[in-house]
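*Asks:* Sharing a structure, written as structure tokens. Questions coming.
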Amino acid sequence: MEILSQLIQAVDQNPDSILVMRQQTEQRLPAHQHDKAQLLLVYGGIAYLQTDEKDFYIPSNHYIWIPKNYPHNLMFNTQDLYIINIYFPNKKADSFYDELGIYPVSKLLAEMLSFSEKWQGDYYEGSWEFEFLTTLKSVLSKENLKKFSIQLPTTDDQRLNAIIDGFRNRLNESLSLDSIAQQSGISVRSLTRLFQTKLHITFVQYLKMLRIIRAMELINDTDLNMTEIAYEIGYSNISAFSNNFHQLTNMRPTEFKTK
């Protein structure tokens with residue numbers, strides 16, 4: 001694909017530079033990787049990053065650190081989304097930078113990004129912009145922020161994917177392991193084993209994450225209040241919804257909406 005080749009060339013053609021890109025260039029490109037590490041910041045919506053093992057959900061005002069040569073592809077469904085990509089050359093650094101992770105944008109990071117909001121293109125060692133961006137990168141590992149934990153595991157098992165597709169759009173219903181097993185023509189024991197062997201989580205854990213992901217989308221894209229959103233994703237108890245939301249996102253639904 002020509003666009004993919006152009007992107008990889010733009011990122012990696014100057015291996016010693018720090019590259020700032022503000023276009024939504026990576027949207028819906030197939031899986032690819034860079035020789036540089038990538039800091040991807042998301043504003044105004046939810047972005048979806050797919051890897052071989054998991055689907056990652058990146059809410060507004062969060063960033064994802066992608067280590068060098070880590071295959072991924074980015075997707076998003078709203079035109080209001082604003083993305084900043086900063087690509088860093090390979091330098092020995094803290095082990096923080098060896099792992100993919102999603103974190104909230106702190107006030108300090110937001111101020112640094114605001115200061116550099118008009119920057120675009122390659123910056124080289126010896127320039128003050130390069131030093132500033134290097135400092136920005138160093139800040140990431142020093143903040144000790146808690147990782148955002150919604151990461152949906154994926155599988156190439158066609159039978160399990162068909163079962164998941166069967167209830168993915170029915171989250172407002174009362175869903176249970178027994179009912180899904182019965183509807184799918186499979187025993188509860190076999191369905192439990194499928195989730196554990198193919199996705200390495202339980203059915204309940206997977207369903208909980210699906211519901212909270214849908215809640216984030218509804219909070220971002222609709223004017224529904226929290227009670228309406230809770231019912232829309234299958235919760236009859238607003239407190240249970242709020243507690244599960246906090247457990248997976250480190251914030252309450254109302255705080256997420258404010259951000």
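*Asks:* So how many residues does the range 204-253 have that are in contact (Cβ under 8 Å) with a residue 24 or more places away in the chain, of a type outside the set (A, V, I, L, M, F, W, C) and open to solvent by 70 Å² or more (accessible area, probe 1.4 Å)?
*Replies:* Of the residues in that region, 4 qualify.
*Asks:* Return the pairs, sorted by first residue and then second, in which the second residue is of a type outside the set (Val, Ile, Thr) and surrounded by fewer than 17 Cβ atoms within 10 Å (Cβ to Cβ), the first residue lies in the range 182-199 and is within 18 Å of Asp156 (Cβ to Cβ), the beta carbons are less than 6 Å apart, and the residues are 6+ apart or on different chains.
*Replies:* That search, which allows pairs on different chains as well, returns Lys198/Asp157; Leu199/Pro153.
*Asks:* Here is a further query. Is it the case that Arg168 is open to solvent by less than 80 Å² (accessible area, probe 1.4 Å), within 28 Å of Phe76 (Cα to Cα), out of contact with any Pro (no Cβ under 9 Å at 6 or more places or on another chain) and basic (Lys, Arg)?
*Replies:* no
*Asks:* Which of the residues that make up the range 136-155 are open to solvent by less than 10 Å² (accessible area, probe 1.4 Å) and either among the basic types (Lys, Arg) or in a strand (DSSP E or B) (or both)?
*Replies:* Leu152
*Asks:* Kindly list the number of the only condition in (1) within 21 Å of the chain's Cα centre (by Cα); (2) modelled with pLDDT of 90 or more; (3) not polar (S, T, N, Q) that fails for Leu152.
*Replies:* In the conditions (1) within 21 Å of the chain's Cα centre (by Cα); (2) modelled with pLDDT of 90 or more; (3) not polar (S, T, N, Q), Leu152 misses (2) alone.
*Asks:* Within the range 184-203, which residues are open to solvent by less than 30 Å² (accessible area, probe 1.4 Å) and farther than 27 Å from Leu218 by Cβ?
*Replies:* The answer is Ile186, Leu191, Leu194.
*Asks:* A further question on this structure: Exactly one condition in (1) surrounded by 11 or more Cβ atoms within 10 Å (Cβ to Cβ); (2) at positive phi is false for Gly126; which is it?
*Replies:* Of everything listed in (1) surrounded by 11 or more Cβ atoms within 10 Å (Cβ to Cβ); (2) at positive phi, Gly126 misses just condition (1).
*Asks:* Quick one: which residue in Ala181, Ala93, Ala110, Ala162 is among the hydrophobic types (A, V, I, L, M, F, W, C), in a helix (DSSP H, G or I) and open to solvent by 50 Å² or more (accessible area, probe 1.4 Å)?
*Replies:* After ruling out the rest, the residue left standing is Ala162.
The values are calculated or read from the model by the stated rules, or taken from the named source; none is laboratory data. As the structure is a prediction and not an experimental result, all values here were calculated from the model. We place every Cβ from the backbone using ideal geometry, glycine too, and count neighbours over all the protein chains shown. Areas reflect the complete protein model, heavy atoms only, side chains present, ligands, DNA and RNA absent. Shrake-Rupley method; radii C 1.70, N 1.55, O 1.52, S 1.80 Å.
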